[in-house]
Amino acid sequence: MKTILPLLIATTLAAAEKGNWPQWRGPHGDGTAPGEKAPTTWSDQKNLKWKLQLPGAGASSPVIQDGHVYLTCYSGYGIGRADGDARNLMRHLICADAATGKLFWKKDLPPTAAEDRYGGMGVPEHGYATSTPATDGKAIYVFLGKSGIAAFDLKGAKLWQTSVGTDSSRKRWGSASSPVLYKNLVILNALQEGHAIIALDKKTGAKKWNWGPRQFGGYQDTYGTPGLVKSTTGAQLIIAVPGEIWAFNADNGGIAWYAYTPMTGNLSPSVFAAAGAIYAFGGYPRQAGIAFKAGGKNDITETHKLWTATRGPYVPSPVHHAGHIYWMDRSGYAVCLNAKTGQQVFRERLKSNGRNPQFYASPILVDGKIISVSRNAGAFVIEAQPKFKQLAQNTLVSDRTVFNASPAISKGRLYFRSDTHLYCIAAE
């Protein structure tokens, strides 16, 4: 049996060593930050190093590369209200100094195709700048929904822009997945826009491979970012779709294995690997989870299944630490599962001063602590241990807007954004 481990290719190892956070969920794509430190408590008066007013709203996370922080935003349409002219929608890519918050440059990115209209249960939850950029230290890649993927150099000059489709799902909830970088490829879950998983050449934007199911059907409810893992036989791109999980050969898009799962409905959390196992969570209206032993070919549903869980997050992607899996859910609870058995270790209501916290962002693991930013009640910190212990609730009372984005960390500085500002938290 070939063991699959979290992907630690040279670029991500270098990113971790240099203190970079180059993509969604960090250098390893799993929300972990080995060797990093972060304050446990902060406020408007304590450990707030700087804040930067943003040109627009968004649910995308900041990424950090070589002392620069990159972030996407949107403005002109769909900012908390359904009226207005959708033709005024504008996206923005900014670059700021990670140490001081000084804005280096801002690029305005006009849409090339009409997005799903603001309204209903979908787009108002996250807006039009939901996908986190990714960088390899040479360029930065931004997913713009129906306007495709665009690549910029690190000074903000556009290198190319390529469409990946302009369709909508039946729910018209907009785009959410973030790009994944592997070797010379930019890989994207474009099941909403182009009914396919698509890989593009990083230098030119030319299509290198794509995989699309013969029957689109329920796969259009797949919103998560694929997980990238490697084995002794090569790297695999793994994504959970309603009722199934797929593993692709990352080099050519061929199917490596697949399995059936109890997670139906909307699928948002990213698949991740740890300790020789693959974990997937999500589903609606009932959340669930499943774990498989790494490896195998073709249908591994019965041969490799380790456990199924009757509890899981709806939107956030969990984090793994020391044989346990953690997340904070939309009802205001901190949850811990045993990673070997799937059994619940604890589900404890978070202590909150004020509103009951709701979570859209994914947690990160820093120095034995789980940090999770709520949408409406600040950031919560708990110990990453199988006995629940809440360490802090940190609020910025000057900002009452929505916090949808997952945090990033680099060189002891914690970065997170609201709909109006980007914040840097560091020990005084």
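Read-outs throughout are calculated quantities, based only on the coordinates presented, and are distinct from any laboratory measurement. Keep in mind that what you see is a predicted model, and the values were worked out from it rather than measured. With ideal geometry, Cβ positions are generated from the backbone for all residues, glycine too; neighbour counts draw on all protein chains shown.
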Beyond 32 Å (Cα-Cα) in this structure, taken from Lys46/Lys203; Lys155/Lys351; Lys18/Lys208; Lys138/Lys411; Lys155/Lys183; Lys37/Lys158, we find Lys46/Lys203; Lys155/Lys351; Lys37/Lys158
Calculating semi-axes √(5λ) of the Cα gyration tensor in Å from this structure picks out, from (1) 39, 24, 19; (2) 35, 24, 21; (3) 28, 26, 21, entry (3)
For the Lys387, Ala157 Cβ pair and Förster radius 45 Å, calculated FRET efficiency rounded to 0.05 is 0.30
Residue-normalised 222 nm signal for the chain, counting each DSSP H run of n ≥ 4 as -39,500 (n - 2.57), nearest 500 deg cm²/dmol, is -500 deg cm²/dmol
Ranked by GNM mean-square fluctuation in the chain (Cα springs under 10 Å), the top entry among Gly368, Gly78, Gly354 is Gly354
At the level of C-alpha centres, the distance separating region 380-395 and region 100-176, in angstrom, is 33 Å
Dividing the mean separation of Cα pairs under 8 Å (6+ apart) by the residue count of region 101-227 yields a relative contact order in percent of 20 percent
For region 250-266, Karplus-derived ³J(HN,Hα) couplings (6.51, -1.76, 1.60; θ = phi - 60°; whole Hz; x for glycine and proline) come out as 5, 6, 10, x, x, 6, 8, 7, 8, 7, 9, 9, x, 8, 10, x, 6
